[in-house]
Every structure is written in structure tokens, then in C-alpha cells.
1. Could you pull out every one of the lysines with an alpha carbon less than 27 Å from that of Lys372, ignoring same-chain neighbours closer than 8 positions?
2. Do any trypsin sites (Lys or Arg not before Pro) in segment 529-608 lie in a loop, going by DSSP, with at most 14 other beta-carbon atoms within 10 Å of their beta carbon, and if so which?
3. Once you sort the root eigenvalues of the Cα gyration tensor of segment 473-618 as a ≥ b ≥ c, which label holds: rounded (a/c under 1.5), prolate (a/b larger than b/c) or oblate (the other case)?
4. Taking the Cβ of Leu234 as the centre, find all other residues whose Cβ is under 10 Å away and add up their charges (Lys, Arg: +1; Asp, Glu: -1).
5. Report, ordered by chain and residue number, the aspartates and glutamates lying within cross-link reach of Lys244, taken as a straight Cα distance under 17 Å and ignoring same-chain residues fewer than 8 apart.
6. Among Ala398, Leu505, Ala139, pick out the residue whose Cα is farthest towards the positive end of the charge dipole of the chain, where Lys and Arg carry +1 and Asp and Glu carry -1 on C-beta, about the Cα centre.
7. Show the residues, 5+ positions off or on another chain, whose built amide H is closer than 5 Å to the amide H of His75.
8. For helix 438-451, what angle does its Cα long axis make with the longest principal axis of the chain, in degrees from 0 to 90 and rounded to 10?
Amino acid sequence: MSFRRGLWAVALLIVAVVSGWLLWQRTRPVSEGSGYLRFAAIPFANLTGDPDLDWAGAVLPAAVIRQVQGLSGVHVFGAANANQAVALGATHLLEGYVAAGRGGVEVHYVLTAGPGRTLERSRLGSGLTADADGAVELASRVRSRLARNGGLLPLELSGGAALRHAGFALLETDQRARRDHWREAVEADPACGWCWEELAAHTLRLEGREAGLALLTGLRGRAIPIAGLAGRRLRLLEANIANKADERLAALEALSELTPGDPGALIPLAEALTSAQRCLEAASVYERAYQAEPGRSEVLNSLGYALAWAGRFDEALAALQRYEQAEPESANPRDSMGEVLMMAGRFTEAEEAFLASYELDPRFNGGAALQKAALVRWLNGDARQSGVLLERYLKQRAAEGDPFAALRRARWQYVFGQTAEALANLRQMASRPGAPASSLAASSLSLYLSQAGRLEEAAQLAAAARQQARDPLSLYAANVASAVSASEPAPRVDNDPNSRILQALWLTFHKEMSAAETAWREAMAAATPLNAALAREMLAQVQLARGDAPAAAETAGRAWPLLAHDHAFLLDFLVYPNLLCVRGAAAAEERQSDKARRYYDQFLRFTGSRPDPLGLVERARAATRL
């Protein structure tokens, strides 16, 4: 019996060792010289017997992390312990302890690259508490073992007092006490960029925007400005507080130059580049971020959209296929593929992708994949089957208790040309104060009436919508309806691209077409790629209404719109079915008469009795008579 217990013990030990080895192998690079390294440092134990030295075990690994961020191909992060570091995908781990030595406190450390693979085991001499030389020396040794290009970033801290306060701050769990320690660190070392960075972040968090901005403004007026990593992070923090997109992008670009392997800098940079419509650059940065942290498969989703917005549809689909391989059980990859295929005009494939997403998870995004399948089926010219899919979606929303189910139905009725039924349903919903959909229904009615030129009635409905709004979407919709039905256009707000869209809508609805064309062009240039879809379609419509079919064809291009959620929910009636008339005009410009007639016929089937302030219906009728 004891012999069997021994065998079981050996077997369990082997399983544990092999499992640990496999877990590590799953995330480590093929070799030290290729791919991204994922370097983690954990707090050092304090074995001196003096609890007053706990700060040293906290600050040392944090200081190393800060310096090593400058190396190329290295993603650096902290972890609470070795198990957490491995779970987060660390390929290299720094751990150690501080202990009493003959000449004072010594630092003992070990740098490993997987179980049983020690790169260095050594110690630093005494003198740790005197200044930051120990942290700088330790980072230098780590760099030499990681064997990566790039240099260490300056620690931006000198002197034992500031180092101790930094350590106390890192140990502290109370946020106010932590802020106070960082303030004491700044007082001990006014040139400590790391300390200023942390003090600014804690001030903002605890005291609010104005206090944070005041601190940052004061820093800019210093005779010796904060430079390096801290300086760039402080500029980013100030740009975030001030909501200045251009300055935020510049700060992120500068930060990523110093920390080339940090996904925490790369992903926001890619997002900012995407918002600035620099989508190919964004795609390159997303790829770098994913290589640095391959566990974040959602980055592949963002990569796919960035490539799609750049018009690289095949490359976008390849990125999304990688996303699907990383998350085969998720409905999101197929849904994203459907949206990219829709943008590419590949409607049959898009429908297949949307239906596959829906089959994986019918409740994903409230079953919206089914609605999108209906949309692309409609764009493909099959209104009957589109209606079948849409009815399935609407019944699911009603069965699941969606308070906006009836509103969704009315919106689609309007798009499909069932104008009278849609307006009757919206009026009924709007006449029920307190009902969840009443405010949105009133806003939708207001916009429809504004488009028809019935501005006084539209303004009354918009005011009622504002009074009844109880959620952010309803309030947004009421504000849009109010702005469009007003007697004067709303003023443009700096750093708010939506204000440009509101101005362009007002000019369009008030038939000031020359100014509207300019406003839509400016709105398209200032918007994110997702919000630019509406502006692009509206610009093409206005250009067509002004008789400039070649310009409209060039504006629409080869891509089809993917509307932002709020635009799709509120303003889709401006895009559908009018985009079909624009595509018909574009096909006519290319002398593709059969294709043009098909688009015009499809457009005319769905116009119903809705207003036509841009004269698109008459244009399509005239074209089909030729």
C-alpha cells in the first residue's frame, strides 16, 4: 500500500511539473532573440526582519519595470506573484528579496526564462537605502540578460528619501495616503518625474478635473520641465483632461516611441490614429500591440476594422479569421466579418457571416446579427426574404421584453416605404408619456417632419422628447431633433465632431445646399471612420441633388456604409434607401446602364410617400424613363 502511495506521489509530481512546463511553453517565444518577450517583475520579499524596510521590496521591481520599458520587443508588466505572472503570459520573470548583509541591506535576485531556466542569480551590494543606484544597476543587469535593442529609460528619481516615499506609496492601499506619499516624494526630489506623474494621476482621481489640470498647468511653467517618460505621460494626461484630440494623439505617438513594447501605450495610440482616419498606420500599431500581448485577441478585431476602413477588405478579413481562431466559440468574429463584407459590398457572404454569428449565439448583441442579415439581404435586392429575417428579429426582441421593439418595427416600416403605417405607429408611441419608447418615438417623428419642412410641429415634438427623455440615447436623440428643427443652426463646438454633423443636418433640412455640401465635407473630415459613414452618404446625396453626379460617385466610392449605433438607430432613414439612388447615379457615370437601372428601380420601390427634399425620387424616375 505504501509502495502504491509512493507511485501516486511520483505520478502527481510528474503531472504537476509537466503541466507547469506546458503552461510556460504556451506563452514563451521560440528563442530569446526572436518575437516579443513578456517580462514581469514581482515584489521582493523583505527578509531583513525590519518591517520598516518593506518599502524596498515594493519599489525595486517597480523601478526596474519603469526603466526596462524602453527596450524594443519587450512587453513589461508587474504582477502580485509568480503564479499571476505566468497566468498573464510572462516569458521572463524577475523576483528576489532584500536581506541584511555585512555592510547593510543587500538585494538578492533571480531572473528566469521558464521553469528550470535561470538566466542570472546574483545580488547587489549594500547601500540600497542611500539612493536609487541599486534600482538602476538591477535594471542594467536585466537589460543585458534580455539582450534586446534599445536603451533603459531614465528612472527620473534620485535620492533615498524620494525612493522611500515611492516605496511607501506603492505599499499603501488607501488612495489618499498614497497621494500624500507621492507628494512627499516630490518634495524630497522636485525633479522626480515618476513622482509628479503619480501625484498628478492621484490628484485627478481624488480631487477632480480642475485640481488635476491646475497641477499640470503649474508643471508646464517650471523652469526645468519634466521630460522623459513622465513628461510624455503628463502631456497625455493633460490632453485627456482638456479633451484635445490632436494633442492626445501627439502625446501618444511620443509615448510609444519611448515604450515601443507597451500595449498600454500602443492600443490607445492605434485607437487615436483610427479616430483621426489614419487607419493604415493604426493597423500597423494594432499588429505591434497584438504581438506584444497575444492574449488580447480583441486587438485583432480592432485591426480588422482599421484595415476595412482603409479599404483593405481582404486583409481585414484575414485579421478577423485570426480573431475567430483565437475565439472560436464567440459570435463576435463572424459578426465583424459580416460588417466588413457588407462594407465591401459582398452582401451574400455578409449574410452568411451574420447568420453564422446568430447561430453561435442568438442573444449576442440582442440578436442584432439577424437584423443585419436582413439589411444585407435587402441591399442585395431580395426584399421578401429580408422581410422574413427582419420579422424573426423583431419577434425575438418583443419576446425578450425589449421596450423599443415596436419602435424598431416602425423605423423599418419607414425605411421600407410603409410611410403611413410607420408614422401612425410612432404617433401612438409618442402619445404615451412615461413609456420607455415615447421620447425616442417623438424624436423620430420630429426628424421626419423636419425633413418634410414642417419645422414648427417638429420643434414641438422635439421639446416633448426632451421632457420625456430618461436615458442617454433618448436625450441624444431629443437634442439632435431639437437642433435640426431650430430656427438657427447650433453653434459649432471645438473638439466635438458631432456639432459639425448637426450643422450639416440643419443646412440640409433647411435646403441651403451649397453650405450643406461644405458642412458635410468638413464633418466627414473631422469624424471618426465609423461616424464618417453618415457624413459621406449625406455629402454624396447633396452633391447629387446639386446636379454633380461625378462628385457624388467619387464621394460614395466603392465602399458601403457601416453606420454607428446612434446613427443607425436615429438617422438610418436618411441613408436607406437613398444610397441606392446614389449608387445608381454612380453606375450611370461608369456607363453601366443595367446596374444603374437596377439600383434606381430598387430605390423607387421603397420611397413610399416620404418627403423628397433632395429631389432624388424625380431624378431616379427620370433616369428609368430614358
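1. Lys395, Lys595
2. Arg558, Arg591
3. prolate
4. For residues surrounding Leu234, the net value is +2.
5. Within reach: Glu210, Glu253, Glu271, Asp494, Asp496.
6. Ranked along the dipole, the leading option is Ala398.
7. Hits under the 5 Å cutoff: Leu37, Arg38, Phe39.
8. 60
The values are calculated or read from the model by the stated rules, or taken from the named source; none is laboratory data. These numbers were taken from a predicted model, which means no experiment stands behind them. Counting neighbours? That spans all protein chains shown, and the Cβs are built from the backbone with ideal geometry, glycine included. Each accessible area value is taken on the protein alone, full model and side chains, heavy atoms only, with ligands, DNA and RNA left out. Shrake-Rupley method; radii C 1.70, N 1.55, O 1.52, S 1.80 Å.
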